[in-house]
Amino acid sequence: QVQVVESGGGLVQAGGSLRLSCTASGSLFSVGAMGWFRQAPGKERELVAAISNNKGTFYAGSVKGRFTISRDNDKNTVYLQMNSLKPEDTAMYYCATRRGPYYGVRPDDYGYWGQGTQVTVSN
């Protein structure tokens, strides 16, 4: 069984920063690419950033230059450093992983998901 656990969400003022963490684990599971998605009320789940096993990255246009994704392969952990946060970044943030080494851009590309961590950015 694979477990994906996020942490680090919270309430922050616009312009502030937060760092999300996510660790994947499971017997006989080799962690592949990892990604951060977010979903705001009434909206579809969207990819924020993703990282492959070789640390190639993808960013959504709305976060490029503000967010940084990184990973520690020894710890099976991925991080999302979020700077210059805006109220429109408010959403539930989900970590996802897959067995393959390369990231996908669709939710269906990932087989394992965390429960989510809430990020709220106030004016």
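The values are calculated or read from the model by the stated rules, or taken from the named source; none is laboratory data. What you are looking at is a predicted structure, and each value in this text was computed from that prediction instead of being measured. Here the Cβ positions follow ideal geometry from the backbone for every residue, glycine too, while neighbour counts run over all protein chains shown. Ligands, DNA and RNA are excluded from the accessible area calculation, which covers all protein heavy atoms including side chains. Shrake-Rupley method; radii C 1.70, N 1.55, O 1.52, S 1.80 Å.
Here are the numbers:
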read-out: Odd one out for GLU46 among (1) in contact with a Gly (Cβ under 7 Å, 6 or more places away or on another chain); (2) more than 23 Å from GLN1 (Cβ to Cβ); (3) charged (D, E, K, R); value: (1)
read-out: Which listed residue, of ARG45, ARG19, ARG38, is under 20 Å from GLN118 (Cβ atoms) and touching a Pro at 6+ places or on another chain (Cβ under 6 Å); value: ARG45
read-out: Filter result for the condition that a residue is touching a residue at least 12 places away in the same chain (Cβ under 8 Å), closer than 20 Å to PRO101 by Cβ and β-branched (Val, Ile, Thr), over VAL63, VAL12, VAL4; value: VAL4
read-out: Residue within segment 40-51 that is within 18 Å of ARG98 (Cβ to Cβ) and basic (Lys, Arg) present; value: yes
read-out: Those strands (runs of 3 or more DSSP E) lying entirely in segment 31-116 with at least 2 residues open to solvent by less than 60 Å² (accessible area, probe 1.4 Å) and not aromatic (Phe, Trp, Tyr); value: 34-39, 46-51, 67-72, 77-82, 91-97
read-out: Top-ranked residue in segment 1-29 [being in contact with a Gly (Cβ under 7 Å, 6 or more places away or on another chain) and among the β-branched types (Val, Ile, Thr); ranked as least open to solvent (accessible area, probe 1.4 Å)]; value: VAL4
